[in-house]
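So the structure is just underneath, and the comments pick up after that.
The values are calculated or read from the model by the stated rules, or taken from the named source; none is laboratory data. Keep in mind the model is a prediction, meaning the values are calculated, not measured. Here the Cβ positions follow ideal geometry from the backbone for every residue, glycine too, while neighbour counts run over all protein chains shown.
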Amino acid sequence: MGSAGSTGDREAVWSRWRRPLPTRAQRRVDVWIALATMAGAMVMTVLVNSLGAFAWDDAPALAEQLAWVVALTAPLVVRRRYPLAVLIVISALFIGAQVRHVGDNTVQAVVLFLAIYTAGGWIGNRVVARWARIAVIAVMLGWLGIAVVRAMAEPTPPFADAAGPLDPVLAFVLYPIVINLVFLLSAYFFGNMAWLSARRQAELERRAEQLRESQEQNLRGAVVAERVRIARDLHDVVAHHVSVMGIQAAAARRVLDTDPELARDALRTVEQTARSAIGELRDLLGVLRAEDADVPAEAHLSSPGLDQLTELVTAARSAGLEVDHGVYGDPRPLPQGVALSAYRVVQEALTNIVKHSDARRADVRLRYLENALEVEVTDDGRGAAARRPNGSGLGLLGMRERVAVHGGVLEAGPRRDNGFRVRASLPTAARSSTEDGAGT
């Protein structure tokens, strides 16, 4: 129903389409067609008058006949610019030339054909185009009927050697009617075809333009999405490591004179964290610089996953935070994207605790549910307000985006008994094609 309705609406819109004015090149072609037709008509008129016995007995002088030829063919210069006016003028001049017995009829018929054809292909108001051509065709057939009646009023020719199955008089009447009817209806039909062809061409061009605009919009959307993804990855990599390095460097500075060994341990942690950050940045930049087909499988496999959660916990502990880490349920292989997103959620949550909270304890829990993986990070700090539970912070925003990619849910906010909780639920069961289509 919806498809049929949209198709009907589109057809109704295009039924009101108006053909644009002829281009300069088309007007130039019309001039050449008019000149060529005029020259051909003059040649044929001279030839017919030169035949003598085959010309009309009461034909006007050759000069007047040539003037009729010029008057009849000249309107073709503007046939596409003013198709209705050209149709009316040429139809009137055609009958006038017939009345005056201008020598040649062949080129005159060609000019009339062009006038009817152009009216069908270029008149914007299709009702006017239809009835104007019908009226001209009716007038021409009426004029033909008058000519046939006049011919029948004269003495009947002998019709010597007539061999057809029809009566010679009947054939004499039907022959010009059939010829002219086919001639006039052909002009009508091909004029309609010219209009429909131009409308289809305009519709195809419009659709091509819409497709190009859609492709550009999709490209812009893809670029924005890629920029967001790059910003999110850079934030996840840089924020965590730099936070740990800053805390360890500050600790080393405080105990440098009183406890050199502790200062060396802190600086060693800074060094290791810096190397880890450089390694992750190198992997990220390598993937960004390479084409999809050129990215080796190990580049994707090097992305951190759940196996590296203990390293995050260790780094947080080295920053002075007491962290409990628990895994519940039966561990099982997970999609790489889900594992990476879970890792980033824990990384960002611990980073926020270290940077924005006075918490002394944190709890990291990983739960393998039947159809989902649940990650929960809680702390006992009082700096929950600084972590923007409404999700306006870049870190929480990045976590929400990562979880949303997999159709998961992220909860972030203060706990009732003080502290802050970040909990993410990531579906791990394969979604059906219907759900995938709806999500898309």
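Values computed for the structure shown
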quantity: Output for region 154-192, where each listed residue is hydroxyl-bearing (S, T, Y) and within 30 Å of A132 (Cα to Cα); calculated: Y175, S186, Y188
quantity: Qualifying residue in region 71-90 (condition: in the same structural domain as V111 (by TED's automatic domain parsing), loosely packed, with under 13 Cβ neighbours inside 10 Å and either more than 27 Å from A129 (Cβ to Cβ) or charged (D, E, K, R) (or both)); calculated: no
quantity: Looking only at region 102-128, and only at residues there that are among the β-branched types (V, I, T) and assigned to a helix (DSSP H, G or I), the one that is nearest to L184 (Cα to Cα); calculated: I116
quantity: Qualifying position, being assigned to a helix (DSSP H, G or I), under 30 Å from T428 (Cβ atoms) and either modelled with pLDDT of 75 or more or charged (D, E, K, R) (or both), among R332, R268, R254, R317; calculated: R317
quantity: Set V345, V327: member being assigned by TED's automatic domain parsing to the domain that holds R402, closer than 22 Å to F420 by Cα and either modelled with pLDDT under 85 or surrounded by 14 or more Cβ atoms within 10 Å (Cβ to Cβ) (or both); calculated: V345
